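Working notes for the structure below.
The values are calculated or read from the model by the stated rules, or taken from the named source; none is laboratory data. Note that the structure is a prediction, hence the values are computed from the model and not measured. Cβ atoms come from the backbone with ideal geometry, glycine included; neighbour counts cover every protein chain shown. Side chains included, ligands, DNA and RNA excluded: accessible areas come from the protein's heavy atoms. Shrake-Rupley method; radii C 1.70, N 1.55, O 1.52, S 1.80 Å.
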Protein chains: 2
Amino acid sequence: MSLLTVGTVAFDNIETPWGKKERVVGGAATYISLAASYFTEDIRLVSIIGDDFPDDFLEGMRKRGIDMAGLQIKQGEKSFFWAGRYHNDLNTRDTLDTQLNVLANFNPTLPDKYRQADFVMLGNLTPIVQMQVIEQMERRPKLIALDTMNFWMDTAMDGLRAVLRQVDMLIINDEEARQLSGQHSLIKAAGIIHEMGPRSIVVKKGEHGAFLFEGDNVFFAPALPLAEVFDPTGAGDTFAGGFMGYLTKTGDTSFENLKRAVIFGSAMASFCVEKFGTERLLNLSPQDISDRVQKFVALVHFEV
Amino acid sequence: MSLLTVGTVAFDNIETPWGKKERVVGGAATYISLAASYFTEDIRLVSIIGDDFPDDFLEGMRKRGIDMAGLQIKQGEKSFFWAGRYHNDLNTRDTLDTQLNVLANFNPTLPDKYRQADFVMLGNLTPIVQMQVIEQMERRPKLIALDTMNFWMDTAMDGLRAVLRQVDMLIINDEEARQLSGQHSLIKAAGIIHEMGPRSIVVKKGEHGAFLFEGDNVFFAPALPLAEVFDPTGAGDTFAGGFMGYLTKTGDTSFENLKRAVIFGSAMASFCVEKFGTERLLNLSPQDISDRVQKFVALVHFEV
């Protein structure tokens, strides 16, 4: 099975209570692809960068087996840039700067071999671009998942509604789910979002874990409690990457398997936050991941 | 096995986004005893009220099998009173009024038959009163659990340190655990609190569930996601009551059984918030509780 992902590949300036780092390679598509690469070998990335990206990073992505034929490189232009500062609790952050750069005129064109992907992860981008990707698929994928954010609800709600009707799954955080649905209760929010299109909804709550809703089925996985959270940047995208990577590996979209995918996504996110940027996602072993998943089993298992 | 609990029996004025109710019977010992009464028949309550308490409520407590011999009734005085207003998210609240009344001069005296209780739950009260209860026990209980709050950390830290050295388990919320330990990470907080005395620590996170820490063992139970949370008042005490009631019923303080106790406590708390005050805790059936526990199983169960 194959996974297509569209999203940003970007530079981030990150400030946390533990330190500050400039021009860290990040972006939704980067985290998604890297996390998914531990589960499937067939990952096709769609994104856009300027000519300012380090060759060794692109090489690192290729080494992890990620197909970069869909990555547009704009000569003489700059990559998307984001700067943020985390608060002391690491659960909230302020955006200090956003420079769209190449993203301002992004028209994704899918290479031919991308158009039959089995799974599609639409990372957080303008709904128009997300729709353009769906429209270029030659056949209906087994599952299309979408991430979005409050900004698009405020500025592009019509486009967002249109693309929501086309996707099987929405992966967003709790505040986004509340804004999108107008409901505080996440159970009610999931019901209303379901009416908008997606069959399944994952609601990420950061350090408080994640819910999976599908019809009357509800599943919850905690985030792994960690002694040190170093940098939360990319944790949500890493979750999505692990989640979609696991689905792509197994090809199984049953609720029981979606639950497992949530656990693998949570495990990958728990690695992501241990170091700055994508660093921790570059050299994991299958044993690392399997040990981490067993920690989740121990964390929630009980018998009554 | 028997459970002794000390705590407030009080009147609460409660404002939530859904309504306002005055002089609702509440208090930590009320919620703890009622929740525990679904698990064990031998519950001994230690508290103090004025002569303003409705007879039918006291009768209702007796009907649930709660021994009230340790309840002092002060003629010509008023019961403890608290008034609070919940914010829209129901996760935070403002205290509008606190009137200590009878609580200002509370010297608990344990009836003789109370002094050999197997389990002791010290509800949130001044650490001096909590210590007075421990000192009146004739033999070491199987397990003493303690609840406290930020107010005592600010105003009576020496007394709190002294009583912490005497207890087996601390049951507090996340912000209290952070203040007590000076650590943001709950894993680190649990380690530091363990050094202060308690072998086990439950950290309640309200709608985000609860952690149980004991040595290197960590367990997590989510709160049940509910479409409607009507009134969160007493949910934490109801958790503690269900938790201690289950331990008293089983007499088993192993980590595996503490995990089950967390689930039963969470189930009881999920009932509490469905109606104002203690209303939902007065008429539950064993089937209600067993069905609710099965919802927790379904919510977190997965197989990898």
Kirkwood hydrodynamic radius for the stretch B:106-171: how many Å is it when counted over pairs of different Cα atoms? 12.0 Å
Ignoring ligands and nucleic acids, residue B:297 exposes an accessible area, probe 1.4 Å, in Å² to the nearest 10, of 40 Å²
Prolate/oblate/rounded call for the stretch A:83-198, Cα gyration tensor, a/c under 1.5 rounded: oblate
Which GluC sites (Glu not before Pro) in the stretch B:97-188 pass both tests, a DSSP loop state and at most 11 other beta-carbon atoms within 10 Å? B:138
In whole percent, how big is the carbon plus sulfur part of the accessible area of the stretch B:139-212, probe 1.4 Å, protein atoms only? 49 percent
So how far, in whole Å, is the C-alpha centre of the stretch B:230-272 from the one of the stretch B:112-132? 18 Å
Can you tally the net charge around residue A:21? Count Lys and Arg as +1, Asp and Glu as -1, for every other residue whose Cβ sits under 15 Å from the Cβ of residue A:21. -1
Can you tell me the mean projection area, over all orientations, of the convex hull of the stretch B:25-64's alpha carbons? Units nm², please. 2.8 nm²
What is the sum of charges, Lys and Arg at +1 and Asp and Glu at -1, for the other residues whose Cβ falls under 12 Å from the Cβ of residue A:252? +2
GNM top mover of B:247, B:146, B:160 - chain B, alpha-carbon springs below 10 Å: B:160
All Cα pairs of the stretch A:1-44, percent lying beyond 12 Å: 63 percent
In nm, to one decimal, how far is the residue B:52 label point from the residue B:128 one, both placed 7 Å along Cα→Cβ? 2.3 nm
Kindly identify chain B as rounded, prolate or oblate by the Cα gyration tensor criterion: order the square roots of the eigenvalues as a ≥ b ≥ c, call it rounded if a/c is under 1.5, otherwise compare a/b with b/c, prolate if a/b is larger, else oblate. rounded
Given B:63/B:275; A:20/B:204; A:78/A:249, which pairs have Cα atoms separated by over 24 Å? A:20/B:204; A:78/A:249
Over the stretch A:80-124, what per residue volume does the convex hull of the Cα atoms give, in whole Å³? 100 Å³
For the residue B:257, residue B:226 Cβ pair and Förster radius 25 Å, calculated FRET efficiency rounded to 0.05 is 0.40
Quote the Stokes-Einstein diffusion coefficient, in whole µm² s⁻¹, for the stretch B:43-120, based on the Kirkwood radius over alpha carbon pairs, a temperature of 20 °C and a viscosity of 1.002 mPa s. 147 µm²/s
Using the Cα atoms as the points, what is the convex hull volume per residue of the stretch B:1-133 in Å³? 120 Å³
For chain A, set up a Gaussian network in which alpha carbons nearer than 10 Å are linked by springs, and say which option among A:111, A:141, A:54 fluctuates the most. A:54
Mind checking how much accessible area A and B bury in total, 1.4 Å probe, in Å² rounded to 100? 2900 Å²
Extending each Cα 7 Å along its Cβ direction at residue A:69 and residue A:85, get the distance between those two points in nm, one decimal. 4.5 nm
For residue B:63, place a label point 7 Å out from Cα along the Cα→Cβ vector, do the same in each other copy, and report the separations in nm, one decimal, smallest first. 7.3
Work out the mean other chain Cβ neighbour count within 10 Å for the residues of B:215-228 and drop it here as an integer. 5
Taking every pair of Cα atoms in the stretch A:163-254, average 1/r, invert it to obtain the Kirkwood radius, and report Rg/Rh to two decimals. 0.97
Spacing of the two label points (7 Å from each Cα toward its C-beta) at residue B:294 and residue A:196, in nm: 3.4 nm
Can you tell me the Rg and the Dmax, both Å, for the Cα atoms in the stretch B:217-257? 12.9, 35
Heavy-atom accessible area with a 1.4 angstrom probe orders A:15, A:59, most exposed first, as A:59, A:15
Counting other chain Cβ atoms within 10 Å of each Cβ in A:205-213 and taking the mean gives 3
Per-bin percent of Cα-Cα distances, the protein assembly as shown [10 Å]: 3, 17, 25, 22, 15, 11, 6, 2, 0
Tell me the per residue accessible area of the protein assembly as shown using a 1.4 Å probe; a whole number in Å² is fine. 39 Å²
Mind checking the full-extension length gain between residue A:136 and residue A:279? Use 0.36 nm per residue of separation minus the Cα-Cα distance, one decimal, nm. 48.2 nm
Note to self: Kirkwood Rh of the stretch B:230-288, Cα pairs, one decimal, Å, is 11.6 Å
Give me the net charge of residue A:176's neighbourhood, meaning all other residues with Cβ under 13 Å from the Cβ of residue A:176; Lys, Arg count +1, Asp, Glu -1. -1
Give me the percent relative contact order of the stretch B:53-138, please, defined on Cα pairs under 8 angstrom at least 6 residues apart. 22 percent
Is there a simple number for the mean count of other chain Cβ atoms within 10 Å of the Cβ of residues in B:256-262, and what is it? 2
Give the residues of the stretch B:45-76 whose amide nitrogen is closer than 16 Å to a point set 7 Å from the Cα of residue B:112 in the direction of its Cβ. B:69-70
